[in-house]
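Student: What follows is a structure written as structure tokens; I'll ask about it next.
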Amino acid sequence: MNKYLQNLSRIEFVVTTACTGRCKHCSQGDHTDCTDNIDKNTAADTVRKIAEEYNITSVMTFGGEPLLCPDTVCEIHKAAKEMKIPERQLITNGYFSKNTVKINRLARRLKESGVNEILLSVDAFHQDTIPTEYVEEFAKAVLREGIPIKTQPAWLVSPYEDNMYNIKTRIYLLSFEEMGIEQNEGNIIFPAGNALKYLGEYFDMSKEYKSPYKEDPADLRALCFSANGDILGENVYEKDIAEILAEYKP
């Protein structure tokens, strides 16, 4: 076991860079010409190999919009379930189809694959370009399948700030609360990508903002795979993940 990874407990996958939203707050930018999708078999195999050596307690899939690649999402979570990883999360904006049959079928597949928590991105930014009716349809399908689901709003400045975006977010969240879906704590928007481009006036640029996702490279707790297979300065298509982890140095 690599001493710099001895506390590793979480694996994350950016399943795809493609997205159904064009959100003003997105740290990844406009998602134009985004076509990277991680290979489902490579990703699933990676989960198995890491979990064989490290005590992984959590796997997360997100994007982009991960449900544009449902086979990949399901294969990753099947592998996580197979390796008895207890927490198997999916973050989605809930908009991948307008077809009710397809929406219901995918909700069932997610349940069967082992997803046991869904965080649904609902806020003023997502709902600005995403039709809420299809997100609600997906949420109802997930509830019918018995998968735990919460909303995961993005807050501008803080959850307590009464700017126009946060006010709209609270209104959108009400319809999901009426469906019995609780609100997760969400996240605070980080000034990067579109957030810096469209929401710059809300940030104090004399202040140093620290990414909430930044880790100590000498004591990594989570691995996040890019949609193109990049990880720790290497690539899983070019080198076996076991070798990458064994050779890692901060």
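The values are calculated or read from the model by the stated rules, or taken from the named source; none is laboratory data. Because the structure is predicted, anything quoted here is derived from the model rather than measured. With ideal geometry, Cβ positions are generated from the backbone for all residues, glycine too; neighbour counts draw on all protein chains shown.
Student: With the requirement that a residue be of a type in the set (A, V, I, L, M), crowded, with 21+ Cβ neighbours inside 10 Å and within 20 Å of residue 15 (Cβ to Cβ), what does the range 107-129 give you?
Tutor: 107, 110, 115, 118, 120, 122
Student: Within the set of pairs 6+ apart or on separate chains, which have a first residue in the range 214-236 that is closer than 19 Å to residue 60 by Cβ and without any contact (Cβ under 8 Å) to a residue 40 or more places away in the chain, a second that is among the hydroxyl-bearing types (Ser, Thr, Tyr) and crowded, with 20+ Cβ neighbours inside 10 Å, and C-beta atoms under 6 Å apart?
Tutor: Matching pairs, first to second residue: none at all.
Student: Looking for something modelled with pLDDT of 95 or more and of a type in the set (Phe, Trp, Tyr) - is there at least one such residue anywhere in the range 207-215?
Tutor: The answer is no; no qualifying residue exists.
Student: Given the conditions (1) in a strand (DSSP E or B); (2) surrounded by fewer than 19 Cβ atoms within 10 Å (Cβ to Cβ), and given that residue 48 satisfies all but one, which numbered condition is not satisfied?
Tutor: (1)
Student: Against the definition (assigned to a helix (DSSP H, G or I) and within 16 Å of the chain's Cα centre (by Cα)), how does residue 110 come out, yes or no?
Tutor: Criteria met by residue 110.
Student: Can you give me the number of residues within the range 132-158 that are at pLDDT 95 or above, in a loop (DSSP other than H, G, I, E, B) and surrounded by fewer than 17 Cβ atoms within 10 Å (Cβ to Cβ)?
Tutor: 2
Student: OK, next. Scan (1) of a type outside the set (A, V, I, L, M); (2) surrounded by 18 or more Cβ atoms within 10 Å (Cβ to Cβ); (3) outside any helix (DSSP H, G or I) for the single condition residue 169 breaks and write down its number.
Tutor: Only one criterion is unmet by residue 169, namely (3).
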